[in-house]
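Right, I'll just put the structure down here and ask away after.
The values are calculated or read from the model by the stated rules, or taken from the named source; none is laboratory data. Please read all numbers here as calculations on a predicted model, not as lab measurements. Using ideal geometry, Cβ is built from the backbone for each residue, glycine included, and neighbour counts are taken over all protein chains shown.
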Amino acid sequence: MSSESKDHKSSGDKKAYSFDLKTMTGTLNTGAKIPLVGFGTWKAEAGEVGKAMETALEAGCRHIDCAAVYGNEKEIGDALAKVWAKGKIKRSDVFITSKLWNTNHGKDEVLPALKQSLKDLKLEYLDLYLVHWPCAFEHTGVPHKDAVPKHSDGSIKWAKVSLQQTWEAMEALPKTGLVKAIGVSNWKIVQLLDLLTYCKIVPAVNQIEYSPYFERKELLGLCHKNGIHVTAYSSFGSNMSGNKGPRDDAKIIALGKKYSRTPAQIIVRWVVQQGMSGIPKSVREDRIKENHSVGDFAISSEDMATISALNQDKFFCDMRDFWGFAVHE
């Protein structure tokens, strides 16, 4: 096997996850291919996300990451319809993900939530549907009327729905033909270990925050050992609190100069060389094209280690900024 293609062998009867840097794809435990560089739509505001996504597809991107809670799936759906109508790119050419929001974890809420996302995205099926967070909020309708329902004192209205109940509802979705694969997002080691004791379908993907400042080797290793692909988000650092992210780090900048690449390209390449897919987000045409131009160079093992050594166990997507509650604790 060449250095450009690697298998992660899993134990027992679990399927192995593999990735190929020549084709820039990973193979999920379902057998489906996932492009290693995608286009993220979180924080892509109305009026710009549709055009930005069209630009990404025209630049060669074939992996789009969405979520109901982002509030932009209708605009994305309109843009996708325009793309399909042009005839150059087919629906089957593009890997599209969406996510189940926290207010729809109940067993009778999962399928309606999926159907709402499909309606908004103007799609007949999703390639991947994820449980967005491992926690359940009070149900507020489909589509949700309140993304983060709270009591008068500001505390979250939690729902008495276990993760096992939600996952069992997710496991019924592939049989409907509305999704090709199911997975999770933001699940940590203990939560995954628990899921693996009862799941009938092993998650195809765990989407997590992963950056040079927040490297999660143990979690990545557990996922790959069990045939679970990892998609990394916020790898540049989201800078939600005004703090500088790894893209601004002097060592990343220096490596960019060494390889004649931008700091963003160095980070995206660092992600995919570890077998993950990345979903960088931008609405600027030049940066969109830049983020997807990482298949024609490789970072040396020494420089990969240099980037990994930047780890500070520092996450940027702090849900206290949104929910007033810490989920990384």
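Tell me, which residue of segment 62-105 that is of a type in the set (A, V, I, L, M, F, W, C) and more than 18 Å from the chain's Cα centre (by Cα) is surrounded by the most Cβ atoms within 10 Å (Cβ to Cβ)?
Selected residue: 80.
Whether any residue in segment 291-303 is in contact (Cβ under 8 Å) with a residue 12 or more places away in the chain, among the hydrophobic types (A, V, I, L, M, F, W, C) and loosely packed, with under 15 Cβ neighbours inside 10 Å is what I want to check.
Yes: segment 291-303 contains one or more residues that are in contact (Cβ under 8 Å) with a residue 12 or more places away in the chain, among the hydrophobic types (A, V, I, L, M, F, W, C) and loosely packed, with under 15 Cβ neighbours inside 10 Å.
Output the residues belonging to segment 297-306 that are more than 27 Å from residue 204 (Cβ to Cβ) and either assigned to a helix (DSSP H, G or I) or under 22 Å from the mean Cα position of the chain (by Cα) (or both).
Result: 301, 302, 303, 305, 306.
Let me ask you something else. Can we say residue 26 is under 14 Å from the mean Cα position of the chain (by Cα) and either surrounded by fewer than 20 Cβ atoms within 10 Å (Cβ to Cβ) or outside any helix (DSSP H, G or I) (or both)?
For residue 26, the condition - under 14 Å from the mean Cα position of the chain (by Cα) and either surrounded by fewer than 20 Cβ atoms within 10 Å (Cβ to Cβ) or outside any helix (DSSP H, G or I) (or both) - is met.
If you check 227, 242, 278, 256, which single one turns out to be at pLDDT 95 or above and surrounded by fewer than 21 Cβ atoms within 10 Å (Cβ to Cβ)?
256
Considering 247, 287, 269, 261, which residue is surrounded by 18 or more Cβ atoms within 10 Å (Cβ to Cβ), closer than 22 Å to residue 24 by Cβ and without any contact (Cβ under 8 Å) to a residue 24 or more places away in the chain?
When all the criteria are applied, what remains is 247.
Same structure, new question: Check 133, 158 and return the single one that is over 19 Å from the mean Cα position of the chain (by Cα) and within 15 Å of residue 319 (Cβ to Cβ).
158
Is there any pair linking a residue in segment 8-32 that is closer than 18 Å to residue 279 by Cβ to one that is modelled with pLDDT of 95 or more and of a type in the set (Val, Ile, Thr), with Cβ under 6 Å and at least six apart or on different chains, and which?
Between residues of segment 8-32 that are closer than 18 Å to residue 279 by Cβ and residues that are modelled with pLDDT of 95 or more and of a type in the set (Val, Ile, Thr), the close pairs are 26/34; 28/34.
Still on this structure: Out of all the residues in segment 82-96, which are in a helix (DSSP H, G or I) and closer than 23 Å to residue 130 by Cβ?
Selection gives 83, 91, 92, 93.
Moving on to the next point. Of all the residues that make up segment 161-176, how many are more than 13 Å from residue 128 (Cα to Cα) and out of contact with any Gly (no Cβ under 7 Å at 6 or more places or on another chain)?
Adding up the residues that qualify gives 11.
From the set of residues in segment 255-296 that are outside any helix (DSSP H, G or I), hydrophobic (A, V, I, L, M, F, W, C) and out of contact with any Gly (no Cβ under 6 Å at 6 or more places or on another chain), which is farthest from residue 224 (Cα to Cα)?
Only one residue fits best here, namely 283.
Here are some residues: 99, 43. Which one is at positive phi and not in a helix (DSSP H, G or I)?
Only one candidate passes the filter, namely 43.
Next question, about the same structure. From (1) modelled with pLDDT of 95 or more; (2) out of contact with any Phe, Trp or Tyr (no Cβ under 7 Å at 6 or more places or on another chain), pick out the condition that doesn't hold for residue 64.
For residue 64, the failing item is (2).
Moving to a separate point now. Given the options 37, 49, name the one that is of a type in the set (Val, Ile, Thr), modelled with pLDDT of 95 or more, out of contact with any Leu (no Cβ under 6 Å at 6 or more places or on another chain) and over 19 Å from residue 180 (Cβ atoms).
After applying the criteria, what remains is 37.
Output the residues belonging to segment 287-329 that are aromatic (Phe, Trp, Tyr) and more than 18 Å from residue 216 (Cα to Cα).
297, 322, 323, 325
Quick check on my filter: what residues within segment 54-73 are hydrophobic (A, V, I, L, M, F, W, C), closer than 30 Å to residue 149 by Cβ, in contact with a helix residue (DSSP H, G or I) (Cβ under 6 Å, 6 or more places away or on another chain) and part of a helix (DSSP H, G or I)?
68 - this is the single residue of segment 54-73 that is hydrophobic (A, V, I, L, M, F, W, C), closer than 30 Å to residue 149 by Cβ, in contact with a helix residue (DSSP H, G or I) (Cβ under 6 Å, 6 or more places away or on another chain) and part of a helix (DSSP H, G or I).
Here is a follow-up. Please go through segment 108-120 and give me each residue that is within 22 Å of residue 206 (Cα to Cα) and assigned to a helix (DSSP H, G or I), ordered by number.
Once the filter is applied, which keeps residues that are within 22 Å of residue 206 (Cα to Cα) and assigned to a helix (DSSP H, G or I), segment 108-120 yields 110, 111, 113, 114, 115, 117, 118.
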